[in-house]
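Read through the structure below, which is laid out as structure tokens, and then see the notes.
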Amino acid sequence: MLRKQGMKRSMPRFDIIGQLGSLRRYAQSLTRDSADAEDLVHDALVRAYERRGTFRSGGNLRAWLLSIVHNAFIDRMRSRRSEAVRIEQAGYLADAATPAPQEHSVRLAQVRDAFFNLPEEQRSALHLVAIEGLSYQQAANATGVPLGTLMSRIGRARAALRQMEDAAPARGKNHLRIVGGEP
């Protein structure tokens, strides 16, 4: 094996391990499926490794990696023939969860379902800003849309979630009824 002296190219060091949590959460939010999310993160990390030379020294590694996850997801979406396949897979995930009897757990499940029912572009924008903590500009860069478009998507997503909240039964009111016996 020959080794050329002096030909080593300096590559920036990456803290990929420290970013896995964010990448997995974002992938889960996009795919709505744990196995697909893991595959998406794997594909994105392969792309990041292959294109590590394009990362700008001093740039935001997390935003760059989230952008790669987003783009890998968009590529996957374009290659799939039918939206119905993804909806069906999301149904399997929802069926596997057993709702807990506690009101807060039920409420959390309702919010999660409402979040997952948002259109992909709204869900993606809201996830990057509200869950991953990216700035609006970083999220816009990660998704490849103008800042105003991202803000509009977030506004529509929040409005849809507020509408779901307003339509929910009033908490604190007794919505149980006595079955049998004396009232």
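The values are calculated or read from the model by the stated rules, or taken from the named source; none is laboratory data. Note that the structure is a prediction, hence the values are computed from the model and not measured. Positions of Cβ are generated from backbone atoms using ideal geometry, with glycine treated the same way; all protein chains shown enter the neighbour counts. These area figures cover heavy atoms from the full protein model, side chains too; ligands, DNA and RNA do not enter into them. Shrake-Rupley method; radii C 1.70, N 1.55, O 1.52, S 1.80 Å.
Tabulated data
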quantity: Relative contact order computed over the stretch 15-88 (Cα-Cα under 8 Å; 6+ residues apart), in percent; calculated: 33 percent
quantity: For the stretch 15-88: accessible area per residue (Å², 1.4 Å); calculated: 57 Å²
quantity: Relative contact order of the stretch 103-168, pairs being alpha-carbon contacts under 8 Å that are 6 or more residues apart, as %; calculated: 35 percent
quantity: Burial order of peptide ranges 104-112, 29-37, 49-57, 123-131 (average beta-carbon count within 10 Å, highest first); calculated: 123-131, 29-37, 104-112, 49-57
quantity: Table column - 3J(HN,Hα) (Hz), the stretch 155-167, Karplus curve with 6.51, -1.76, 1.60, x for Gly and Pro; calculated: x, 5, 5, 5, 4, 5, 5, 5, 4, 4, 5, 5, 7
quantity: Sites Val111 and Asp75 - FRET efficiency at Förster radius 30 Å, r taken between beta-carbons, to 0.05; calculated: 0.55
quantity: Alpha-carbon centroid distance for the pair the stretch 114-159 / the stretch 43-59, whole angstrom; calculated: 23 Å
